[in-house]
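The values are calculated or read from the model by the stated rules, or taken from the named source; none is laboratory data. Model, not experiment: these values are computed from the prediction. Don't worry about glycine lacking a Cβ; one is built from the backbone with ideal geometry, like all the others, and counts go over all protein chains shown. In case anyone asks, the SASA skips ligands and DNA or RNA and just uses the protein heavy atoms, side chains included. Shrake-Rupley method; radii C 1.70, N 1.55, O 1.52, S 1.80 Å.
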Amino acid sequence: MTDGATVMHDVHELAQVVVVGSGAGGAVVARELAARGRDVVLVEEGGFFTGKDFSGNPRAMIDLLYRGRGLTGALGRPTIPIPLGRCVGGTTTINSGTCYRAPDYVLDEWAERCGVRGAREPDLRPYFERVEQELHVRPVPDETYGRNSTLFERGAAALGYAGARIPRNERGCLGTGVCAFGCPQDAKQAMHVSYVPRALDAGARLFTRCRVGTVLLSAGKAIGVVGRFVDRDDRETGHELRVLARHVVVACGALLTPALLERSAVPDPSGLRGRNLHIHPATRVGALFDEEVRGWEEVPQAYNVHHFTREGIFIQGQFVPPAMEAPVLPGVGRAHKEIMARYARLGSFGALISDESAGRVRAGRGRFPRVSYQLGAADAKRLARAIGLTAEIFFAAGAREVYSGAHSRPVLRSLDEARALQGANLPAADFEMMAFHPQGTARMGEDPRQAVTDSVGRVHGTPGLWVGDASLFPSSCKVNPQITIMALATRLAERLAGEL
Ligand SMILES: Cc1cc2nc3c(=O)[nH]c(=O)nc-3n(C[C@H](O)[C@H](O)[C@H](O)COP(=O)(O)OP(=O)(O)OC[C@H]3O[C@@H](n4cnc5c(N)ncnc54)[C@H](O)[C@@H]3O)c2cc1C
Ligand code: SF4
């Protein structure tokens, strides 16, 4: 492993495969290729950090681990923050550890509507199983399942809504509640403690703090990449990394992969690159209980209501530290202070929707691409329903009041108000939204007129170039995406290794 900040000269490398990005997709591709004896260089823009670097302090960790200090997002009404990891492990280093496979009916839709071949449930099952075994996925155990989750589970059960404990990738989780800021115990099996070290053990070479700016093309074929090393303050050092390789796998995530391809002037025969951006818009819903919840003493995302997944709604734990919770609670001045003073009695869950609205990514002028996304009316209605359902569950669990994240009715005080919200037609701008699952901007499919890559990830029209991340999803995967990204990446690596 080479830390780009310490490199004092230009570096030229040869490899069979160069992989750009070490998140859910890139780390798996690198490891699976290296384990098959292939010669791999993995390039990551961020630094390499582990539990000893993670203090659990949100502000400091966002500066260390998040792209743009957490200020990335999509422009629209409203603007939607979309946080991304920028470190070895990518967004897996800052995620919640929730592990779901894309449901069978989503994979069937990809086959039937989007022309994806060989990715139905029986095809992907062995890859899902392999990933889950590698990451030690298991449901949240009793010891780290706390009051926020227990109360919500009780409310859902009272209403007859199906839900379950969430399967997570962890070994020895202590329930310290700061997964989104780097796990101080390295219990969460993010890529920087699982696939990346295993890739290195198998012989892969990793360059950190190296920002790839161009995919090199020769006679229409991808032949390598050029990146620039950056120092610990993210300033370019003036030295470059040039890797020549027989294959290039771009796995920068759904917001950065299409931008890198566009900047590199990679042909886009379908005209679909950067389009079809889905993000799973989400709103955090808070609830005030009479009893203490102390939601920081547990796994923050431990219980999921899957009763409504087919209609595009999933409701799951989302407890965050005070600094993150404060902006989404209602009121200002004394009123806001009074709610924050009751933080120990707050419950918090996220209402997420599987969106039909689609945004767009363009390379833009600066380093971060221009991302636009407008939530459509049908999705706004679905989000109102999702929030209303979350509120209903909180009331059934005994909440005294609920903080909805909808500006026009920030505080709900009864079951009736929660149910009224379920059918409300509110404009998109009424919601305090965030999104955590960008996907779909280099959609896969066999038809080069309707997809950016083939069903495995080869970019149509550019031999030697592959996409290996969340960009591949042809439509919303309807659940948290990391396991599906990793399963597809495992399959991609197997095929690519075969070609080599
Ligand atoms: C707070 C939060 C919680 C989440 N919780 C969950 C969860 O519990 N379960 C789940 O399934 N999903 C969760 N997600 C989403 C999940 O982590 C992502 O969907 C997944 O990591 C995306 O994988 P990826 O490979 O597409 O991109 P990423 O994991 O984002 O990896 C992309 C990598 O590429 C690097 N990169 C980008 N551009 C360049 C460049 N030009 N040169 C070099 N390197 C570059 C980036 O720095 C990054 O490391 C969460 C997301 C967030 C933000
Ligand atoms: S809750 Fe578990 S996985 Fe999350 S940061 Fe704490 S120990 Fe790590």
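Using the structure shown, decide if Arg273 is open to solvent by 10 Å² or more (accessible area, probe 1.4 Å), of a type outside the set (Phe, Trp, Tyr) and under 18 Å from the mean Cα position of the chain (by Cα). The answer is no for Arg273.
In the range 341-361, which residue that is of a type in the set (Gly, Ala, Ser) and open to solvent by less than 30 Å² (accessible area, probe 1.4 Å) is farthest from the chain's Cα centre (by Cα)? Walk me through how you get there before you give the answer.
Our first condition is that a residue be of a type in the set (Gly, Ala, Ser); within the range 341-361, this holds for 341, 344, 347-348, 350-351, 354, 357-359.
This time we only want the ones that are open to solvent by less than 30 Å² (accessible area, probe 1.4 Å), so: 344, 347-348, 350-351, 354, 357, 359.
On the way: Ala344: 28, Gly347: 23, Ser348: 20, Gly350: 15, Ala351: 16, Ser354: 14, Ser357: 18, Gly359: 16 Å.
Across the range 341-361, the extreme among qualifying residues is Ala344.
In the condition set (1) of a type outside the set (A, V, I, L, M, F, W, C); (2) open to solvent by less than 10 Å² (accessible area, probe 1.4 Å); (3) under 30 Å from Ala386 (Cα atoms), Gly457 is compliant with all but (3). Is it the case, given these coordinates, that Arg495 is of a type outside the set (Ser, Thr, Tyr) and part of a loop (DSSP other than H, G, I, E, B)? Considered against the rule, which asks whether it is of a type outside the set (Ser, Thr, Tyr) and part of a loop (DSSP other than H, G, I, E, B), Arg495 comes out as no.
Do we find that Gln185 is within 16 Å of ligand 2 (Cβ to nearest atom) and more than 19 Å from the chain's Cα centre (by Cα) in this structure?
In short, yes.
Look at Val225 and say whether it is closer than 22 Å to Glu32 by Cα and in the same structural domain as His12 (by TED's automatic domain parsing). Outline the logic, then answer.
Working: closer than 22 Å to Glu32 by Cα: yes; in the same structural domain as His12 (by TED's automatic domain parsing): yes.
Against the criterion (closer than 22 Å to Glu32 by Cα and in the same structural domain as His12 (by TED's automatic domain parsing)), Val225 qualifies.
Restricting the range 84-116 to residues that are in contact with a Pro (Cβ under 9 Å, 6 or more places away or on another chain), open to solvent by 30 Å² or more (accessible area, probe 1.4 Å) and assigned to a loop (DSSP other than H, G, I, E, B) leaves a set whose member that is nearest to ligand 2 (Cβ to nearest atom) is Ser96. Restricting Gly21, Gly51, Gly56 to residues that are assigned by TED's automatic domain parsing to the domain that holds Glu240, within 17 Å of Cys210 (Cβ to Cβ) and in contact (Cβ under 8 Å) with a residue 40 or more places away in the chain narrows the list to Gly21. Scanning for something in contact (Cβ under 8 Å) with a residue 24 or more places away in the chain, in contact with a helix residue (DSSP H, G or I) (Cβ under 9 Å, 6 or more places away or on another chain) and crowded, with 20+ Cβ neighbours inside 10 Å, does the range 411-420 turn up at least one residue? Yes, some residue in the range 411-420 is in contact (Cβ under 8 Å) with a residue 24 or more places away in the chain, in contact with a helix residue (DSSP H, G or I) (Cβ under 9 Å, 6 or more places away or on another chain) and crowded, with 20+ Cβ neighbours inside 10 Å. Scoring Gly295 on the criteria (1) within 16 Å of ligand 2 (Cβ to nearest atom); (2) in contact with a Leu (Cβ under 9 Å, 6 or more places away or on another chain); (3) closer than 16 Å to Gly163 by Cα leaves a single failure, condition (3). Against the definition (in contact with a Ser or Thr (Cβ under 6 Å, 6 or more places away or on another chain) and of a type in the set (Lys, Arg)), how does Arg382 come out, yes or no? No: the conditions fail for Arg382.
Among the residues of the range 133-190, those that are touching a Leu at 6+ places or on another chain (Cβ under 8 Å), open to solvent by less than 20 Å² (accessible area, probe 1.4 Å) and within 26 Å of Ala287 (Cβ to Cβ) comprise Thr144, Phe181. Does at least one position in the range 322-330 carry a residue that is touching a residue at least 24 places away in the same chain (Cβ under 8 Å), open to solvent by less than 60 Å² (accessible area, probe 1.4 Å) and of a type in the set (Gly, Ala, Ser)? No: the range 322-330 contains no residue that is touching a residue at least 24 places away in the same chain (Cβ under 8 Å), open to solvent by less than 60 Å² (accessible area, probe 1.4 Å) and of a type in the set (Gly, Ala, Ser).
The strands (runs of 3 or more DSSP E) found wholly in the range 124-240 and carrying at least 3 residues that are closer than 27 Å to Gly21 by Cα occupy 167-169, 205-208, 210-218, 221-230.
Among the listed residues Arg69, Arg113, identify the single one that is within 18 Å of Gln439 (Cβ to Cβ) and either among the charged types (D, E, K, R) or outside the structural domain of Arg31 (by TED's automatic domain parsing) (or both).
Details: Arg69 fails: within 18 Å of Gln439 (Cβ to Cβ).
The unique qualifying residue is Arg113.
Name the residue that is farthest from ligand 1 (Cβ to nearest atom), counting only residues in the range 278-297 that are outside any loop (DSSP other than H, G, I, E, B) and within 21 Å of the chain's Cα centre (by Cα). Of everything passing the filter in the range 278-297, Val285 is farthest from ligand 1 (Cβ to nearest atom).
Yes or no: the range 480-494 includes at least one residue that is more than 16 Å from ligand 1 (Cβ to nearest atom), modelled with pLDDT of 95 or more and open to solvent by 30 Å² or more (accessible area, probe 1.4 Å). Steps first, please.
Applying the first criterion (more than 16 Å from ligand 1 (Cβ to nearest atom)) to the range 480-494 yields 494.
Subsequent filtering for residues that are modelled with pLDDT of 95 or more retains 494.
Filter once more, keeping what is open to solvent by 30 Å² or more (accessible area, probe 1.4 Å): 494.
Within the range 480-494, one or more residues are more than 16 Å from ligand 1 (Cβ to nearest atom), modelled with pLDDT of 95 or more and open to solvent by 30 Å² or more (accessible area, probe 1.4 Å).
Can you find even one residue in the range 298-307 that is within 30 Å of Ser55 (Cβ to Cβ), away from ligand 1 (no atom under 14 Å from the Cβ) and surrounded by 14 or more Cβ atoms within 10 Å (Cβ to Cβ)? Among the residues of the range 298-307, at least one is within 30 Å of Ser55 (Cβ to Cβ), away from ligand 1 (no atom under 14 Å from the Cβ) and surrounded by 14 or more Cβ atoms within 10 Å (Cβ to Cβ), which makes the answer yes.
Kindly provide the set of residues from the range 429-454 that are outside any loop (DSSP other than H, G, I, E, B), in contact with a strand residue (DSSP E or B) (Cβ under 9 Å, 6 or more places away or on another chain) and open to solvent by 10 Å² or more (accessible area, probe 1.4 Å), ordered by number.
Passing the criteria: Asp430, Met434.
Contact annotation: residue pairs with Cβ atoms under 8 Å, 6 or more positions apart or on different chains, pairing a residue in the range 244-263 that is modelled with pLDDT of 95 or more with a partner that is within 16 Å of ligand 2 (Cβ to nearest atom) and not aromatic (Phe, Trp, Tyr), are Gly253/Thr91. Right, Val18: surrounded by 15 or more Cβ atoms within 10 Å (Cβ to Cβ) and in a helix (DSSP H, G or I) or not? Answer is no for this residue. Across the range 400-419, not a single residue is classified as closer than 26 Å to Leu216 by Cβ and among the hydroxyl-bearing types (Ser, Thr, Tyr).
Quick one: which of Gly271, Gly317, Gly286 is at pLDDT 95 or above and closer than 30 Å to Gly364 by Cβ?
Details: Gly317 fails: closer than 30 Å to Gly364 by Cβ; Gly286 fails: closer than 30 Å to Gly364 by Cβ.
Going through Gly271, Gly317, Gly286 in turn, the sole match is Gly271.
Every test in (1) under 20 Å from the mean Cα position of the chain (by Cα); (2) at pLDDT 95 or above; (3) part of a helix (DSSP H, G or I) is passed by Met324 save one, and that test is (2).
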